[in-house]
1. What is the local net charge at ALA222, summed over the other residues whose Cβ is closer than 13 Å to its Cβ (Lys, Arg +1; Asp, Glu -1)?
2. Calculate what fraction, in whole %, of the accessible area of the chain sits on carbon and sulfur atoms when a 1.4 Å probe is rolled over the protein chains.
3. Mean separation of Cα pairs under 8 Å and 6+ residues apart, divided by the residue count of the stretch 3-111: what relative contact order is that in percent?
4. Run lengths n ≥ 4 of DSSP H only: what is the helix-derived mean residue ellipticity at 222 nm for the chain, with -39500 (n - 2.57) per run over all residues, to the nearest 500?
5. Helix 175-186 versus the longest principal axis of the chain: what angle, 0 to 90°, nearest 10, using Cα atoms?
6. Ranked highest first by the average count of other Cβ atoms within 10 Å around their residues, in what order do 168-175, 95-102, 25-32 fall?
7. With a 1.4 Å probe and all protein chains left in place, how much accessible area per residue does the chain have, in Å²?
8. For a distance above 24 Å, tell me the whole-number percent of Cα pairs in the stretch 1-139 that qualify.
Amino acid sequence: MKIKLNVWRQKDAADAGSFETYDAADVSEDMSFLEMLDVVNERLTLEGKEPIAFDHDCREGICGSCGVVIDGRPHGPKERTTTCQLHMRSFPNGAEITLEPWRAGAFPVVKDLVVDRSAFDRIIAAGGFISAPTGCAVDGNAMPIEKENADLAMDAAACIGCGACVAACPNASAMLFTAAKVSQLSLLPQGQPERWRRVRAMVATMDQEGFGSCTNHGECMAACPKAIPIDHIARMNRDWLKASLRDGRRVATSGDSAAG
Ligand code: FES
């Protein structure tokens, strides 16, 4: 199949950036989207031109490194699919495809399609951990956990931190990411010792990093390759409110917020 690519090219964070057009011939419909970009880059390299920079690592949909806005949709047209798991058969022969980086103030462009997502790392560092010693794997059922909570925690833990939720949100909110990381711990016994401190610290860091607030558009859930539900945002907001009250603070006068 033949395709035409309109690709966002930007030398570095200071560069204004612009779209450049490339024709890609002999693209197999069995190629992944990233393999197609590899082929385009091989040709650019042979021509002495700068290859298109894009993030990737596992190429199996588990690391969260890849992420391209494809025709206006983070990770492209297929639901519950990362860019690396998207195949060219999802596009018609002769398609013209527009590629952009994640667009969010908290994710500055590093180069071309690569953005700096270290703001997510700082949110995790603020509280996305437990202090309980975990030791070796314990025997099954040694620590009974309600099935519903176990399932919800596992669903939240499916978040790969790719940032598609931020890229899809009109407010560039990181509420779905932060809520998933809060929920995966707050739903389990091991996450209880830091439960209240965690939610306040992670939400405060999220706000400090410049992410927007949630206004319930739901675009984050639609773009999430792991289909993390926005119920987790409501759970995080409840925990944040309880944590604020436990601290004896008046929510209305506190410095941070958990909108939604
Ligand atoms: S490269 Fe790891 S999720 Fe796509």
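1. Details: positive: ARG73, LYS78, ARG80, LYS226; negative: GLU79, GLU219.
Neighbour charge sum, excluding ALA222 itself: +2.
2. Numbers: 6460 of 12920 Å².
For the chain, the apolar C and S fraction of the accessible surface comes to 50 percent.
3. On the way: 174 pairs, mean separation 37.5, N = 109.
For the stretch 3-111, the relative contact order is 34 percent.
4. Details: 8 runs with 87 residues, N = 260.
So the helix-based figure for the chain works out to -10000 deg cm²/dmol.
5. With rounding to tens, the tilt is 40 degrees.
6. On the way: 168-175: 22.6, 95-102: 19.2, 25-32: 13.4.
The packing order, highest mean first, is 168-175, 95-102, 25-32.
7. 50 Å²
8. Details: 3507 of 9591 pairs.
Pairs farther apart than 24 Å: 37 percent.
The values are calculated or read from the model by the stated rules, or taken from the named source; none is laboratory data. These numbers were taken from a predicted model, which means no experiment stands behind them. Cβ sites come from the backbone with ideal geometry, for glycine too, and all protein chains shown count toward neighbours. Areas reflect the complete protein model, heavy atoms only, side chains present, ligands, DNA and RNA absent. Shrake-Rupley method; radii C 1.70, N 1.55, O 1.52, S 1.80 Å.
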